[in-house]
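Chemist: Below is a structure I'd like to ask you about.
The values are calculated or read from the model by the stated rules, or taken from the named source; none is laboratory data. Nothing here was measured: the structure is a model prediction, and the numbers come from that model. When we count neighbours, we look across all protein chains shown, and the Cβ atoms used for this are built from the backbone with ideal geometry, even at glycine. The accessibility values were calculated without ligands, DNA or RNA, using every heavy atom of the protein model including side chains. Shrake-Rupley method; radii C 1.70, N 1.55, O 1.52, S 1.80 Å.
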Amino acid sequence: MQKFWASRTPVKALHEFTHCTSRRAVRTRRDRLIHYNNDNPQTRTAITRSIPHPFRGQSRFYSSVQHRLEDPNTATMGAKDGKAGKVSFQLKTPKGTRDWMGVDMNLRDSIFSAVTDVFKRHGGTALDTPVFELKEILAGKYGEDSKLIYDLADQGGEITALRYDLTVPFARWLAMNSSIQNIKRYHIAKVYRRDQPAVAKGRMREFYQCDFDIAGSYDPMIPDAEIVRIIVDVFEALGLREEITIKINHRKILDGLFTVAGVPEDKIRTISSAVDKLDKSPWAEVKKEMEDKGLSSEVADKIGEYVKLSGGRDLLGKLKADSQICANEDVKKGLDDMDLLFQYLDVFKVVDKLSFDLSLARGLDYYTGLIFEVVTPLSSADGFNASRTKSSSKPKKGGDDDDRSNDNTIGVGSVAAGGRYDNLVNMFSPKRQIPCVGISFGIDRIFTIMKQRLEKEQQEGNATIRQSEVEVFIMAFGGKTFNGLLHERMAVADQLWKAGIKAEFTATVKPRLEKQFKMAENGGVPLAVILGEDEVAANKVKLKVLGLPEGHAEKDGRLISQDDLVTEVNKLLKRA
């Protein structure tokens, strides 16, 4: 076989494949040709330019040759004794996903910590559920977004799917546990949606949600008001309070307005989905979608008179004075709820963060009352583009599976959303009626905003981005008889670890001092403990603050007793 390939030019050999009757045979020979000639640039160019008839117009065949010849991240499985195997694939994460490490992991962990602290402050109890659910549990809960659910292959007779959110699994859990009548629950976990991704903007297919829900029968709007307060508390803990706006609406008001306008009951949910796009699309496009879904132009225009309105208490007063819509019981009940909510949020001192927005619809089918969505200046496309230090590339919408990170027509989107869902538990257990209200924070989108802010602060010299959380780097140096002081460095590390101080040393018997300083510098480590033979003999160490300017009194560090090391480190870390 080696002789066969050696006797033919790559182009000639590839053209001979056109006479094969089996496409599988073509691919097999093509693979051998690629592996055999992969190191020759001229061969690669010739092959990719000479895909023969009938395959020349078939993009999958061509792109697979092109990709496997040119992509440096192409891996080959099954290699043995230096011979290439039969399976090649690209080394990459699936679309809409990413790996996390270093600075990004530290920042994300800090977000989790801040959010969890707020949840616990409000009495939350942690819950975890399986990452996949029975498909029938998820079916019929997400309206038009149901197409975004990831279905799994049949496993032992059960049809399952990856969870789309954390709300439906929570309702399923409540239905299964009849002893639970009231609970404040929080859940931090990954969810999955086959949406069009924009990874650089936090729009992922695999992403974290942080949910807080209050389940149980209480007096109207009291739990709802606490959820709004939790939203403000979380973003205040993240340093983003001034940047958020909480858009609120009420499903009963919206449904009542649709009814008054003449929307048939069986079209209310699908029209809600259209209205929910008003924050991203102009009214003309939303109106056209309504007409495509069966509404007349007159009915659509009547809806438009209301859903373009937004404000605060002023809007509430304006709607209450509208006798035509207040004749509808749903609208009247919704307005009464909103009046109560504003009263309670006055007490919580968070009314300034609200925007009563009649275009907010939340397309999920299970909402029954108050709905809310949190946005920031980066949520819109214009806001995100204006925040970037470099101009973005031209819009690239591409197909439904293409990443839209470089698409200037989209922003980060909402960073949190939720609402009241009083009937969801009842859908799983007809004998159980447990009203619920909750909020879901989109951690990946929040991360995107905070990472951009952190990078800006670093450019201005107001922040340091660190790869790890190590607080002390333990070093050693010496002369010709220097043995590395490995045991002594280990002993100091042990001393600091026992005191809860994050410390590390290089795993080398005789490290060079320059290399140790370089490792500490690369990790952004603030402190160094330096051991020398004379210092060790005197039970002393040198404690040095790294990064001090030339001429500083303690630029070279200071000698202290090793017995006082933990105390002195804690002082410098401001823990004393």
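Chemist: Can you pull out the residues in region 314-342 that are in contact (Cβ under 8 Å) with a residue 40 or more places away in the chain and either in contact with a Ser or Thr (Cβ under 8 Å, 6 or more places away or on another chain) or within 23 Å of D279 (Cβ to Cβ) (or both)?
Modeler: L315, L316, L319, I325, N328, D330, V331, G334, L335, D337, M338, L341
Chemist: Sticking with this structure for a sec: Quick check on L107: is it at pLDDT 90 or above and either outside the structural domain of M204 (by the TED database) or open to solvent by less than 30 Å² (accessible area, probe 1.4 Å) (or both)?
Modeler: Yes: the conditions hold for L107.
Chemist: Let me ask something else. Considering region 459-481 alone, what residues qualify as being acidic (D, E) and open to solvent by less than 50 Å² (accessible area, probe 1.4 Å)?
Modeler: E471
Chemist: Take the residues in region 522-554 that are open to solvent by less than 50 Å² (accessible area, probe 1.4 Å) and charged (D, E, K, R); name whichever of them is nearest to V470 (Cα to Cα).
Modeler: Selected residue: K544.
Chemist: V566 passes all but one of (1) closer than 30 Å to R453 by Cα; (2) of a type outside the set (D, E); (3) in a helix (DSSP H, G or I); which number fails?
Modeler: (1)
Chemist: Related question: Is it the case, given these coordinates, that V199 is more than 26 Å from L316 (Cβ to Cβ), of a type in the set (A, V, I, L, M), assigned by the TED database to the domain that holds R453 and in contact (Cβ under 8 Å) with a residue 60 or more places away in the chain?
Modeler: Spelling it out, V199 is indeed more than 26 Å from L316 (Cβ to Cβ), of a type in the set (A, V, I, L, M), assigned by the TED database to the domain that holds R453 and in contact (Cβ under 8 Å) with a residue 60 or more places away in the chain.
Chemist: Does M204 count as modelled with pLDDT under 95 and touching a helix residue (DSSP H, G or I) at 6+ places or on another chain (Cβ under 6 Å)?
Modeler: yes
Chemist: Pairs needed: first member in region 434-450, in the same structural domain as I230 (by the TED database) and farther than 10 Å from C210 by Cα; second member anywhere, among the acidic types (D, E) and part of a loop (DSSP other than H, G, I, E, B); C-beta distance under 6 Å; at least 6 residues apart or different chains.
Modeler: Short answer, once both residue conditions are applied: P435/D422.
Chemist: Which one of these is assigned by the TED database to the domain that holds N570 and at pLDDT below 95: L527, L513?
Modeler: On inspection, the qualifying residue turns out to be L513.
Chemist: Another question, then. Output the residue which, of all residues in region 318-340 that are acidic (D, E) and in contact with a Pro (Cβ under 9 Å, 6 or more places away or on another chain), is least open to solvent (accessible area, probe 1.4 Å).
Modeler: Among those residues, the one meeting the criterion is D337.
Here is a yes/no grid of residues against (1) farther than 24 Å from F372 by Cβ; (2) basic (K, R):
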{"position": "E144", "(1), (2)": "no, no"}
{"position": "R163", "(1), (2)": "no, yes"}
{"position": "L166", "(1), (2)": "no, no"}
{"position": "I180", "(1), (2)": "yes, no"}
{"position": "G202", "(1), (2)": "no, no"}
{"position": "F212", "(1), (2)": "no, no"}
{"position": "D219", "(1), (2)": "no, no"}
{"position": "E226", "(1), (2)": "no, no"}
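Chemist: Given (1) of a type in the set (G, A, S); (2) assigned to a helix (DSSP H, G or I); (3) at positive phi, where does A520 come up short, assuming only one miss?
Modeler: Among (1) of a type in the set (G, A, S); (2) assigned to a helix (DSSP H, G or I); (3) at positive phi, the lone unmet condition for A520 is (3).
Chemist: Let me ask something else. From the list D279, D219, which one is open to solvent by 60 Å² or more (accessible area, probe 1.4 Å) and modelled with pLDDT of 95 or more?
Modeler: D219
Chemist: Restrict the check to region 448-458 and report whether at least one residue is assigned to a loop (DSSP other than H, G, I, E, B) and buried (at least 19 other Cβ atoms within 10 Å of the Cβ).
Modeler: No, because not a single residue in region 448-458 is assigned to a loop (DSSP other than H, G, I, E, B) and buried (at least 19 other Cβ atoms within 10 Å of the Cβ).
Chemist: Filter region 555-567 down to residues that are hydrophobic (A, V, I, L, M, F, W, C) and touching a residue at least 60 places away in the same chain (Cβ under 8 Å) and give me whichever is least open to solvent (accessible area, probe 1.4 Å).
Modeler: L565
Chemist: So, V299, is that one assigned to a helix (DSSP H, G or I), among the β-branched types (V, I, T) and more than 13 Å from L358 (Cβ to Cβ) or not?
Modeler: Yes.
Chemist: List the number of the failed condition for G484; all other conditions in (1) surrounded by 16 or more Cβ atoms within 10 Å (Cβ to Cβ); (2) within 40 Å of the chain's Cα centre (by Cα); (3) without any contact (Cβ under 8 Å) to a residue 60 or more places away in the chain hold.
Modeler: It fails just one condition, (2).
Chemist: Further question on the same structure: Of all residues in region 136-147, which are open to solvent by less than 60 Å² (accessible area, probe 1.4 Å) and closer than 18 Å to S272 by Cα?
Modeler: G140, K141, Y142, G143, D145, S146
Chemist: Just the residues that are outside any helix (DSSP H, G or I) and in contact with a strand residue (DSSP E or B) (Cβ under 8 Å, 6 or more places away or on another chain), please, taken from region 310-326.
Modeler: S310, G311, G312
Chemist: When the residues of region 148-164 are narrowed to those that are touching a residue at least 24 places away in the same chain (Cβ under 8 Å) and hydrophobic (A, V, I, L, M, F, W, C), which ends up least open to solvent (accessible area, probe 1.4 Å)?
Modeler: A161
Chemist: Any idea which of K540, K518, K555, K510 is closer than 30 Å to M105 by Cβ, of a type in the set (D, E, K, R) and out of contact with any Cys (no Cβ under 7 Å at 6 or more places or on another chain)?
Modeler: Matching residue, one of K540, K518, K555, K510: K518.
Chemist: Moving on to the next point. Out of everything in region 222-267 that is without any contact (Cβ under 8 Å) to a residue 12 or more places away in the chain and under 14 Å from K353 (Cα atoms), what residue ends up being surrounded by the fewest Cβ atoms within 10 Å (Cβ to Cβ)?
Modeler: E242
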